[in-house]
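K.L.:
Supplied in structure tokens, the structure appears directly below.
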Amino acid sequence: SQTIHQWPATLVQPVGSPLSLECTVEGTSNPNLYWYRQAAGRGLQLLFYSVGIGQISSEVPQNLSASRPQDRQFILSSKKLLLSDSGFYLCACGQPSNEKLFFGSGTQLSVL
Amino acid sequence: GESVGLHLPTLSVQEGDNSIINCAYSNSASDYFIWYKQESGKGPQFIIDIRSNMDKRQGQRVTVLLNKTVKHLSLQIAATQPGDSAVYFCAENSGGSNYKLTFGKGTLLTVNP
């Protein structure tokens, strides 16, 4: 079964600073990859998904971008963080033939 | 857009009791539903799923019921234990080829010993 690695677990960044969150997947190939954000006490909002290397679809307009340089690597970035970027960021992995998603352990981002 | 929602934001039960967590959905095109459990500070964990051609599916101590007529989904947990305390999310796949799950807001389940 697949394993999803996300790091760091927590991150505190000043407003205006850049961001790079990395997610790597083991135990599967050609996965669909997703970035979700979760505000405190709220549901999960889909930010980006990717069906292959270099293929990124954005779900909501925002201050963030995503990239997939390798089959099992998904990166979430920002050039200048905003206060509203604070939240719990989750990477998820699924197979093209199956809707079931598996989630990483998440990164708690606080922008101050 | 169409969304998945929950009837009860919080649920408190006694250890050993059965728990029922409810979820309403509005997209009649949804053909796949899934329940996740999320403990504090962790990522969601898969519990059980069901396709729209079924109305019931059972797992270990959990049962998911799907009522397509009223667009309602429920998760039943038998003999609830303190380790079941968490936020439970339902999610739906509205169809399409990219399998994007839409999540509800979540229900906080608290199990009292």
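The values are calculated or read from the model by the stated rules, or taken from the named source; none is laboratory data. The model shown is predicted, which means the values in this text are computed figures rather than measured ones. With ideal geometry, Cβ positions are generated from the backbone for all residues, glycine too; neighbour counts draw on all protein chains shown. Areas reflect the complete protein model, heavy atoms only, side chains present, ligands, DNA and RNA absent. Shrake-Rupley method; radii C 1.70, N 1.55, O 1.52, S 1.80 Å.
K.L.:
Can you tell which of B:TYR32, B:TYR36 is within 20 Å of A:PHE103 (Cα to Cα), touching a Pro at 6+ places or on another chain (Cβ under 9 Å), open to solvent by less than 40 Å² (accessible area, probe 1.4 Å) and within 11 Å of another protein chain (Cβ to nearest Cβ)?
P.N.:
Residue meeting the stated conditions: B:TYR36.
K.L.:
Something else now. Go over the candidates A:LEU109, A:LEU11, A:LEU81 one by one and state the one that is under 24 Å from B:GLN45 (Cα atoms), buried (at least 19 other Cβ atoms within 10 Å of the Cβ) and modelled with pLDDT of 95 or more.
P.N.:
The match here is A:LEU109.
K.L.:
So, in segment A:84-101, exactly how many residues are at the interface with another protein chain (Cβ under 7 Å from one of its Cβ atoms) and at pLDDT 95 or above?
P.N.:
Residues of segment A:84-101 at the interface with another protein chain (Cβ under 7 Å from one of its Cβ atoms): A:90, A:94, A:99-101.
Narrowing the set further to residues that are at pLDDT 95 or above leaves A:90.
So the count comes out to 1.
K.L.:
If a residue has to be open to solvent by 40 Å² or more (accessible area, probe 1.4 Å) and in a strand (DSSP E or B) to count, how many in segment A:14-36 make the cut?
P.N.:
Going through segment A:14-36 one residue at a time, the tally reaches 3.
K.L.:
Regarding A:ALA66, is this residue surrounded by 16 or more Cβ atoms within 10 Å (Cβ to Cβ) and without any contact (Cβ under 8 Å) to a residue 40 or more places away in the chain?
P.N.:
yes
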